[in-house]
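Asker: The following block contains the structure, expressed as structure tokens.
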Amino acid sequence: MVKEKKPKKKPGKRGRPSKPRKPKLQKIKVQAPKGTHDILPQEQKYWDKVRVIVGNIANNFGFGRIDTPIFEDVRIYIKGTGQTSDIVQKEIYTFKSKGGEFLALRPEFTPGIVRAYIEHGMRNLPQPVKLYSIGPLFRHDKPQAGRYRQFHQINFEIIGDSSAVSDVQIIQVFVSILKKLNLKKFYLYINSIGCLICTPKYKKILLGYYRQRLDKICPDCHRRFKENSLRLLDCKKEKCQKIAKEAPQMIDFLCDECHGHFKETLEFLDELEIPYILDPYLVRGLDYYTKTVFEIWEDKEGNSQGALVGGGHYDNLVEMFKGKPNPGVGAAAGIERIINSLKKQDVKIPEGEKPRVFIIQLGDLGKKKSLKLFEEFQRNGIRVGEAFSKPSIKSQLKIADKEGTEMALILGQKEALEGNIIIRDMVSGAQETVSLEKVINEVKRRLKK
């Protein structure tokens with residue numbers, strides 16, 4: 001049997017076989033993915049302020065917090081948001097799990113909250129159930145000012161009440177949040193899009209109006225004309241908005257029940273002295289809305305980032321998910337958009353409280369004792385600053401002075417061996433040596449002055 005000869009390796013330099021070349025690694029793009037952003041330390045004061053105010057107002061209005069998964073069965077969003085909505089057709093992030101599940105990253109809160117309401121038997125609780133959420137959402141939208149692919153929202157829902165008072169309370173919650181944040185200028189736009197009885201009649205009339213103008217609308221509106229005519233009024237393109245502004249108005253075709261519900265909603269807003277602008281062409285872009293819809297804008301004309309808040313009433317969403325008929329109302333606000341508006345309107349957010357005391361250490365023993373002393377101050381509820389990574393007294397004093405610290409505690413090798421510490425007044429420069437055992441009480445006494 002003849003053995004096949006292995007091909008000889010081509011000799012490299014000096015007759016030696018050449019080594020196989022390592023694959024060339026591509027350089028990592030050191031940049032956040034398109035449409036996302038980092039929230040840096042200096043920005044956190046805005047986020048902390050929003051979270052605290054939202055939590056306080058939610059508690060005052062009797063809303064309980066709910067956190068749902070950031071991904072769900074994709075059918076939850078297709079069924080709830082609508083097969084023909086822009087969210088489902090253009091913006092939703094979907095993926096298949098290793099187990100074969102077809103999932104979607106959360107593009108909005110309401111369908112997941114309604115799913116949780118049904119799954120956990122919340123219908124058996126005293127109604128209505130009032131829930132709020134705060135967290136990240138994901139949409140493959142075109143990135144621009146105030147529009148991200150990963151963004152954050154505040155969401156409030158009242159499930160189990162069909163009355164206008166719940167619609168108004170959701171509006172009142174968001175108006176309260178914006179006022180508490182000291183946002184100086186914002187406007188509430190409101191409309192009614194009717195119900196399953198009166199909306200179909202209006203859609204037929206709307207189709208008749210647009211049928212004569214098909215040559216003037218954008219390709220997306222051609223699709224909306226075939227799939228969901230109500231969304232023709234929601235197009236953001238300028239040429240389509242001009243046509244929409246001359247279309248028949250839904251408010252003229254409301255049934256008696258929807259007319260009464262909307263009238264009562266406006267009367268409650270008047271009683272609360274919440275100003276509003278009637279917008280007969282406001283429809284919102286989601287299938288589950290019925291009756292009241294509303295948006296809150298900083299400035300609707302020429303605003304590229306979109307509404308700060310948007311929401312509305314829904315009668316049939318729980319039933320869509322095979323639950324028993326149960327009405328609700330909800331709304332969401334974009335945190336990034338609110339923060340952009342706060343900056344634009346020059347609303348000052350105070351910095352966090354800075355430490356009034358600063359520990360300065362020198363030498364190995366001084367550093368060890370300082371670490372323990374730092375922990376003791378924390379246990380006693382006294383916030384102290386430190387720069388343990390800095391070796392020199394001069395560099396540490398410089399940081400303490402920059403932070404506006406009132407007193408510095410200096411602990412060097414000599415003081416650590418003797419069980420003492422130096423208290424230095426950062427304003428006058430006066431120094432006093434005290435026992436390490438008494439320093440916490442002495443600092444407390446001085447801070448009270």
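Asker: Does at least one position in the range 390-406 carry a residue that is farther than 30 Å from Asn182 by Cβ, outside any loop (DSSP other than H, G, I, E, B), touching a helix residue (DSSP H, G or I) at 6+ places or on another chain (Cβ under 6 Å) and of a type outside the set (Gly, Ala, Ser)?
Answerer: The answer is no, given that none of the residues of the range 390-406 is farther than 30 Å from Asn182 by Cβ, outside any loop (DSSP other than H, G, I, E, B), touching a helix residue (DSSP H, G or I) at 6+ places or on another chain (Cβ under 6 Å) and of a type outside the set (Gly, Ala, Ser).
Asker: Can you tell me how many residues within the range 144-174 are assigned to a strand (DSSP E or B) and under 12 Å from the mean Cα position of the chain (by Cα)?
Answerer: 7
Asker: Restricting to the range 190-231, count the residues that are farther than 30 Å from Ile171 by Cβ and not in a helix (DSSP H, G or I).
Answerer: 4
Asker: Before we move on, is Ile177 under 31 Å from the mean Cα position of the chain (by Cα) and of a type in the set (Val, Ile, Thr)?
Answerer: So Ile177 fits the description; yes.
Asker: May I ask you to list pairs of residues, at least six apart or on different chains, whose Cβ atoms are under 9 Å apart, with the first in the range 55-70 being within 21 Å of Ser166 (Cβ to Cβ) and the second being assigned to a loop (DSSP other than H, G, I, E, B) and modelled with pLDDT under 95?
Answerer: Hits for this filter: zero, empty list.
Asker: When you scan the range 275-295, how many residues do you find that are under 13 Å from Ser192 (Cβ atoms) and in a loop (DSSP other than H, G, I, E, B)?
Answerer: Here the count works out to 10.
Asker: Restricting attention to the range 366-402, and to residues there that are over 16 Å from Arg356 (Cα atoms) and aliphatic (A, V, I, L, M), which single residue is surrounded by the fewest Cβ atoms within 10 Å (Cβ to Cβ)?
Answerer: Restricting to residues being over 16 Å from Arg356 (Cα atoms) and aliphatic (A, V, I, L, M), the top hit is Leu371.
Asker: Another question, if that's okay. In this structure, is Asp141 among the acidic types (Asp, Glu) and part of a loop (DSSP other than H, G, I, E, B)?
Answerer: yes
Asker: Identify all residues within the range 324-360 that are surrounded by fewer than 17 Cβ atoms within 10 Å (Cβ to Cβ) and among the small types (Gly, Ala, Ser); write none if there are none.
Answerer: Gly352
Asker: Under 6 Å between Cβ atoms, at least 6 apart or on separate chains: pull out the pairs that start in the range 152-180 with a residue that is more than 19 Å from Asn59 (Cβ to Cβ) and end on any residue that is of a type in the set (D, E, K, R) and assigned to a helix (DSSP H, G or I).
Answerer: Once the first residue is more than 19 Å from Asn59 (Cβ to Cβ) and sits in the range 152-180, its partners that are of a type in the set (D, E, K, R) and assigned to a helix (DSSP H, G or I) give Ala164/Glu264.
Asker: Hand me the list of strands (runs of 3 or more DSSP E) wholly inside the range 63-119 holding 1 or more residues that are farther than 16 Å from Leu286 by Cβ and polar (S, T, N, Q).
Answerer: Of the strands (runs of 3 or more DSSP E) lying wholly inside the range 63-119, those with at least 1 residues that are farther than 16 Å from Leu286 by Cβ and polar (S, T, N, Q) span 94-96.
Asker: A further question follows. Among the β-branched types (Val, Ile, Thr) and closer than 30 Å to Ala416 by Cβ, is that true of Ile359?
Answerer: So Ile359 passes the test.
Asker: For Ser370, are the conditions met, namely being more than 20 Å from Lys444 (Cβ to Cβ) and among the polar types (S, T, N, Q)?
Answerer: When the stated conditions are applied, Ser370 does not pass them.
Per-residue answers, yes or no, for (1) under 29 Å from Leu342 (Cα atoms); (2) in a helix (DSSP H, G or I); (3) assigned by TED's automatic domain parsing to the domain that holds Asn191:
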site: Lys242; (1), (2), (3): no, yes, no
site: Glu246; (1), (2), (3): no, no, no
site: His261; (1), (2), (3): no, yes, yes
site: Leu266; (1), (2), (3): yes, yes, yes
site: Glu273; (1), (2), (3): yes, no, yes
site: Asp299; (1), (2), (3): yes, no, yes
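Asker: Hey, another quick one. What strands (runs of 3 or more DSSP E) lie completely within the range 307-371 and have 3 or more residues being within 27 Å of the chain's Cα centre (by Cα) and among the small types (Gly, Ala, Ser)?
Answerer: 309-314, 328-334
Asker: Of the residues that sit in the range 152-165 and are under 18 Å from Phe109 (Cα atoms) and of a type outside the set (Asp, Glu), which one is surrounded by the most Cβ atoms within 10 Å (Cβ to Cβ)?
Answerer: Phe156
Asker: Filter the range 234-273 down to residues that are surrounded by 15 or more Cβ atoms within 10 Å (Cβ to Cβ) and within 27 Å of the chain's Cα centre (by Cα) and give me whichever is modelled with the highest pLDDT.
Answerer: Of everything passing the filter in the range 234-273, Leu269 is modelled with the highest pLDDT.
Asker: Mind listing just one residue for me: the one in the range 327-355 that is among the charged types (D, E, K, R) and touching a strand residue (DSSP E or B) at 6+ places or on another chain (Cβ under 8 Å) and, of those, modelled with the lowest pLDDT?
Answerer: The residue in question is Lys354.
The values are calculated or read from the model by the stated rules, or taken from the named source; none is laboratory data. Fair warning: this is a prediction, and the values are worked out from it, not measured in the lab. Don't worry about glycine lacking a Cβ; one is built from the backbone with ideal geometry, like all the others, and counts go over all protein chains shown.
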